[in-house]
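See structure below.
The values are calculated or read from the model by the stated rules, or taken from the named source; none is laboratory data. Predicted, not measured: the structure shown is a model, and the values here were computed from it. Heavy atoms of the whole protein, side chains included, go into the accessibility calculation; ligands, DNA and RNA do not. Shrake-Rupley method; radii C 1.70, N 1.55, O 1.52, S 1.80 Å.
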Amino acid sequence: LMQAKMLTAEAREKGGDLPGAIRAYRVVYDEVPDAETKRQMLLKIAEMNREIGQYDDAISAYEEYLEKFRTDQDQVKTILGSLYLERVRQDDAYEMFSPIPIATLTESLTDPELLTLGKIFQAKGDDDKALEIFEHLGDKDVFESTEALALMADIYQAQGNEEKYSEALERVMGQSPDSEQGLVAMIEYAELHYDTQTAAEWRNFLDPVYQV
């Protein structure tokens, strides 16, 4: 009987009826005594819910998985953390990702996810982790690079680290000089170093801002 229920679930999955497959796999999960089969069924349930956009159900299944099974914990935590980001559950995402090395996260998360996570670390006052993420993104030629560098500058400014603040502003200007963030960085850089040049020289430096 259990074999027949498993075959039914597999047939629905292969046929593309993922909601039906999820219900069928849940029956197998609830009734099968074997722990490894239970683990595999719950992982399937979580993955298929995620695939069809049932994110809250996927989160519940992944959370249940972490509570009951030790296998693939790191992988599941990364997936679950991504879902927390997707659902704007910032506190949960922070708790899930905080213990994980940034080097691991940069290999597992997309660039938009990393930028969002960096902002969460920054909001939580975890500047070291935020800076590590922003540095990683800033070194890449991707859409998120300029914003990451601008956020890095904000952190160094708040810390009173003028040298690092200045360096970050220079990187923003170099990365995207014509963007809004690049122009703002230009103004902040001029304000930071105003006593190093004449007013006329700074007007010339800021000419791109005046042209906007």
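On the protein heavy atoms, probe 1.4 angstrom, tell me the percent of accessible surface of region 57-212 carried by carbon and sulfur.
C and S atoms contribute 45 percent here.
In whole Å, what three semi-axes, largest first, describe the equivalent ellipsoid of region 62-174 built from its Cα gyration tensor (square root of 5 times each eigenvalue)?
After diagonalising the Cα gyration tensor, the semi-axes are 29, 13, 11 Å.
Which whole-number percentage describes the relative contact order of the chain, with Cα contacts under 8 Å and a sequence gap of 6 or more?
Answer for the chain is 8 percent.
Probe of 1.4 angstrom, ligands and nucleic acids ignored: what's the accessible area per residue over region 1-44, in square angstrom?
58
Classify region 73-129 from the C-alpha gyration tensor, please: rounded if a/c falls under 1.5, else prolate or oblate depending on whether a/b exceeds b/c.
rounded
Would you mind listing how long the chain runs along its three principal axes, going by Cα atoms, in whole Å with the largest first?
Projected onto its principal axes, the Cα set of the chain covers 87, 31, 22 Å.
Give the lysines whose C-alpha is closer than 27 Å to that of Lys5, dropping any in the same chain fewer than 8 places away, or say none.
Filter leaves Lys14, Lys38, Lys44, Lys68.
Which value, in Å², gives the accessible area per residue of region 141-195 when a 1.4 Å probe is used on the protein heavy atoms?
55
Two decimals is fine: what is log10 I(q)/I(0) at q = 0.11, 0.13, 0.17 Å⁻¹ for region 112-212, from a Debye sum with one equal scatterer on every Cα and no solvent?
-0.33, -0.46, -0.73
Rounded, prolate or oblate for region 158-212? Axes are the square roots of the Cα gyration tensor eigenvalues, ordered a ≥ b ≥ c, and the cut-off for rounded is a/c under 1.5.
Cα axes put region 158-212 in the oblate bin.
Where the eigenvalues come from the Cα gyration tensor of region 1-124, what are the semi-axes √(5λ) of the equivalent ellipsoid, largest first, in whole Å?
31, 15, 11
Near Lys129, which lysines are there with a Cα under 25 Å away, not counting those fewer than 8 places off in the same chain?
Of all the lysines, those that pass the test against Lys129 - Cα under 25 Å, at least 8 places apart if same chain - are Lys77, Lys119, Lys140, Lys164.
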